[in-house]
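The values are calculated or read from the model by the stated rules, or taken from the named source; none is laboratory data. Note that the structure is a prediction, hence the values are computed from the model and not measured. Counting neighbours? That spans all protein chains shown, and the Cβs are built from the backbone with ideal geometry, glycine included.
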Amino acid sequence: MIIDFHTHIFPKEIRENREKYFPSEPAFKLLYGRPGSKLAGAGELIDSMDSQGVAKSVIFGFPWKNSDTFKKHNDYVIKSIERYPGRLTGFCCIDIFSGEAITEVMRCFESGLSGVGELALYESGIDEESINRLEPVMGICLDRNLPVLIHTNEPIGHQYPGKTSNTFRQIYRLITKFPENKIVLAHWGGGIFFFSLLKKEVKESFNNVYFDTAASPFLYDAKIYRIAISILGQDKIIFGSDFPLLGPERYFKEFEQAGLSKEEIDSICSRNAARLLNL
């Protein structure tokens with residue numbers, strides 16, 4: 001059973017009227033204001049899953065500044081799960097700086113969502129104030145044994161829409177601040193897992209941290225899979241496509257290029273996600 005842990009869906013109103021949101025949502029405009037940038041609905045995701053052999057996907061929205069918008073988007077995620085029972089698992093997405101963030105997380109959990117994410121701090125990076133704002137959300141997720149998916153990216157290299165100003169120090173402060181939480185760092189955690197080769201402290205801090213593969217074909221050589229397995233072990237890596245940015249087939253080809261075994265692929269594409277989602 002293949003599980004895609006990182007997919008984005010948007011309600012029809014937003015897909016067909018994205019320009020309406022650009023003036024008040026600069027991060028949304030940054031990511032989706034370019035010609036050709038894709039927005040997909042739940043039906044399109046299911047079609048993609050069916051064509052590429054994906055059994056279940058984790059779906060989420062966008063960290064809108066406007067609380068009414070992130071509530072409506074979360075409602076769409078909830079309704080999509082009801083529409084496609086057994087195929088979709090939903091996460092609650094919020095702006096952690098919103099005064100309604102905590103009540104929305106609680107509402108979403110009571111409505112059947114299974115985690116929080118993808119939390120992205122496109123403008124601030126993961127600074128100290130962001131970590132302070134994140135603390136109550138992490139507390140709720142810890143109490144319920146639910147995962148939190150955090151957007152991270154490599155702090156060097158080429159620039160692209162959605163690349164934040166986060167640093168390795170900021171990412172490390174985040175995971176050490178919440179050592180008991182199940183944390184998934186998107187996009188390979190920006191490469192921070194390489195530092196688990198250090199002999200002291202860092203390796204132990206990754207005990208409850210997982211790394212997803214979202215956008216990997218755009219960012220890294222296929223050799224990263226073999227290297228990451230040798231450093232982290234196959235149980236800490238989770239397949240995420242970042243649909244509709246990329247489809248799963250791109251990743252499956254890279255698994256083959258990297259020479260991954262069936263056992264390794266099963267862990268990355270199924271068992272690790274199932275364990276995190278308590279399936």
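Details
- Comparison of Tyr76, Tyr84, Tyr122 shows that the only residue that is surrounded by 15 or more Cβ atoms within 10 Å (Cβ to Cβ), aromatic (Phe, Trp, Tyr) and at pLDDT below 95 is Tyr122.
- Within region 190-228, the set of residues being small (Gly, Ala, Ser), in contact with an Asp or Glu (Cβ under 9 Å, 6 or more places away or on another chain) and closer than 23 Å to Gly117 by Cα comprises Gly190, Gly191, Ala214, Ala215, Ser216.
- Residues of region 122-159 that are of a type in the set (A, V, I, L, M, F, W, C), within 18 Å of Asp212 (Cβ to Cβ) and touching an Asp or Glu at 6+ places or on another chain (Cβ under 8 Å): Leu149, Ile150.
- Count - residues of region 164-181 that are assigned to a loop (DSSP other than H, G, I, E, B) and surrounded by fewer than 17 Cβ atoms within 10 Å (Cβ to Cβ): 4
- Test: Phe70 is touching an Asp or Glu at 6+ places or on another chain (Cβ under 7 Å) and in contact (Cβ under 8 Å) with a residue 12 or more places away in the chain: yes
- Residues (modelled with pLDDT of 95 or more, farther than 16 Å from Ile227 by Cβ and of a type in the set (Gly, Ala, Ser)) located in region 150-209: Ala186
- Scanning region 40-66 for residues that are touching a helix residue (DSSP H, G or I) at 6+ places or on another chain (Cβ under 7 Å) and surrounded by fewer than 19 Cβ atoms within 10 Å (Cβ to Cβ) turns up Gly41, Gln52.
- Scan of region 230-243 for residues that are within 18 Å of Phe5 (Cα to Cα), part of a helix (DSSP H, G or I) and touching a strand residue (DSSP E or B) at 6+ places or on another chain (Cβ under 9 Å), ordered by number: Asp235, Lys236
- Hits in region 111-127 - residues which are assigned to a loop (DSSP other than H, G, I, E, B), in contact (Cβ under 8 Å) with a residue 60 or more places away in the chain, under 17 Å from the mean Cα position of the chain (by Cα) and within 15 Å of Phe62 (Cα to Cα): Gly115, Ala120, Tyr122
- Test: residue in region 39-52 that is within 20 Å of Tyr122 (Cα to Cα) and among the small types (Gly, Ala, Ser): no
- Among residues of region 240-256 that are at pLDDT 95 or above, those with a Cβ under 7 angstrom from a residue that is among the β-branched types (Val, Ile, Thr) and not in a helix (DSSP H, G or I), sequence gap 6+ or separate chain, pair up as Gly240/Thr213; Ser241/Thr7; Phe243/Thr7; Pro248/Val54; Tyr251/Thr213.
- For region 248-279, a residue qualifies if it is surrounded by fewer than 18 Cβ atoms within 10 Å (Cβ to Cβ), among the small types (Gly, Ala, Ser) and within 30 Å of Phe109 (Cα to Cα), and exactly one does: Ala274.
- Of residues in region 128-152 being touching a residue at least 40 places away in the same chain (Cβ under 8 Å) and surrounded by 15 or more Cβ atoms within 10 Å (Cβ to Cβ), the one farthest from the chain's Cα centre (by Cα): Ile131
- Top-ranked residue of region 182-218 - restricted to ones that are polar (S, T, N, Q) and crowded, with 23+ Cβ neighbours inside 10 Å, ranked as farthest from the chain's Cα centre (by Cα): Ser216
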